[in-house]
Ligand SMILES: Cc1cc2nc3c(=O)[nH]c(=O)nc-3n(C[C@H](O)[C@H](O)[C@H](O)COP(=O)(O)O)c2cc1C
C-alpha cells in the first residue's frame, strides 16, 4: 500500500483482536518512530508500550478501546512548536502502521492519564498528552459505531471552505499543483473531527493557518500538514517549510502557523 492509499483508507480503530503485536510488527513500528521527523522543532517523545492483559493490568480508556495490548505514548512540550511537531511526527507513524495493516486511534481525551503515565519518565518540559492503541482491527463494537456517528467521523468539510487561492474568497483552481496534496490534507484525522486547518495558496507558497477550536487545534493542523507533505514527497516535490514575518492577514480569528515553499 503506498502512502496515498494509506491516507485514503486510514480510519480511527477502537476495537482490536486482543492478541497484541508480533515481535516483527513491534520492530517495524519502532523503526517508524525512529524515522519520524519534523522541521518544526519543539519537544516530542513517542514510545511503544505493551500492557500484559493476562496479568490483569488494563489502563483505563473509559471503555472506548477494546482488546488492545499495545499503545503508543506521546510526551510533548507545552509550546506551539511541540504541538505542531507531535501532530506531524506521530501521523507518520500512524500511516506506517496503516501500511502494515494495523489500526490506531489518536486519543487525547478518553484515557486515564495517570494509568498510562505510571512508571514513565519524560524529559524536562514534556508531559504525556496523547496515546494511541495499535493492533489488528476487529468489527467495531456498538460503542465505537456510536462514537463515530456522534463525531461524524466519516465526514469532512468541503475543500472550498478551507483552502483558498491568492485571497480568502477564491477557490484553488482545479489544475493547481498543490490541489492533490491539499485533498490528502482534507482527509486527515482531527480531535472531535474539528478540521481546524485553513490554507492560502499564493504562487509557489502554501500558507497554513488554523481556526482555534480547542487546545488541540495546532496539533491537529500538524497532522494535516503531515498528509500534505507526504503527498508532496510522494510526487518527488519536497519543498521547504519556514515561518514568514509578514504572513497574509487572514479573516476572522484564524492564526498563522507556517508556510511551505514548493520547488
Ligand atoms: C488529536 C486527536 C485527539 C483525539 N482524541 C480522541 C479521543 O480522546 N477519543 C476518541 O475516541 N477519539 C479521539 N480522536 C479520534 C477522532 O475523533 C477522529 O480522528 C475523527 O472523528 C475522524 O475520524 P477518523 O479518524 O476515523 O477519520 C482524536 C483524534 C485526534 C487527531
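The values are calculated or read from the model by the stated rules, or taken from the named source; none is laboratory data. Note that this is a predicted model, so its numbers are computed, not measured. Positions of Cβ are backbone-derived with ideal geometry, glycine not excepted, and every protein chain shown enters the neighbour counts.
Descriptive notes on the structure:
- Residues that are touching a residue at least 60 places away in the same chain (Cβ under 8 Å), over 19 Å from residue 210 (Cβ atoms) and in contact with a strand residue (DSSP E or B) (Cβ under 8 Å, 6 or more places away or on another chain) within the range 144-171 comprise 144, 148, 153, listed in sequence order.
- If only residues of the range 150-171 that are part of a loop (DSSP other than H, G, I, E, B) and touching a helix residue (DSSP H, G or I) at 6+ places or on another chain (Cβ under 6 Å) are counted, the one that is surrounded by the fewest Cβ atoms within 10 Å (Cβ to Cβ) is 152.
- Among (1) touching a strand residue (DSSP E or B) at 6+ places or on another chain (Cβ under 7 Å); (2) within 16 Å of the ligand (Cβ to nearest atom) - the single one residue 178 does not satisfy: (2)
Yes/no matrix, rows are residues, columns are (1) over 24 Å from residue 208 (Cα atoms); (2) part of a strand (DSSP E or B); (3) more than 14 Å from the ligand (Cβ to nearest atom):
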{"position": "8", "(1), (2), (3)": "no, no, no"}
{"position": "21", "(1), (2), (3)": "yes, no, yes"}
{"position": "24", "(1), (2), (3)": "yes, no, yes"}
{"position": "33", "(1), (2), (3)": "yes, no, yes"}
{"position": "39", "(1), (2), (3)": "no, no, yes"}
{"position": "47", "(1), (2), (3)": "yes, yes, yes"}
{"position": "72", "(1), (2), (3)": "yes, yes, no"}
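- Selection count, the range 100-124, where residues are away from the ligand (no atom under 16 Å from the Cβ) and under 20 Å from the mean Cα position of the chain (by Cα): 2
- Only residues that are within 11 Å of the ligand (Cβ to nearest atom), over 16 Å from residue 153 (Cα atoms) and part of a helix (DSSP H, G or I) were counted across the range 208-225, and they come to 5.
- Verdict on residue 205 being outside the structural domain of residue 85 (by TED's automatic domain parsing), within 14 Å of the ligand (Cβ to nearest atom) and crowded, with 17+ Cβ neighbours inside 10 Å: no
- Boolean, residue 121 is without any contact (Cβ under 8 Å) to a residue 12 or more places away in the chain and farther than 22 Å from residue 9 by Cβ: yes
- Yes/no for residue 177 being touching a residue at least 60 places away in the same chain (Cβ under 8 Å) and over 16 Å from residue 107 (Cα atoms): yes
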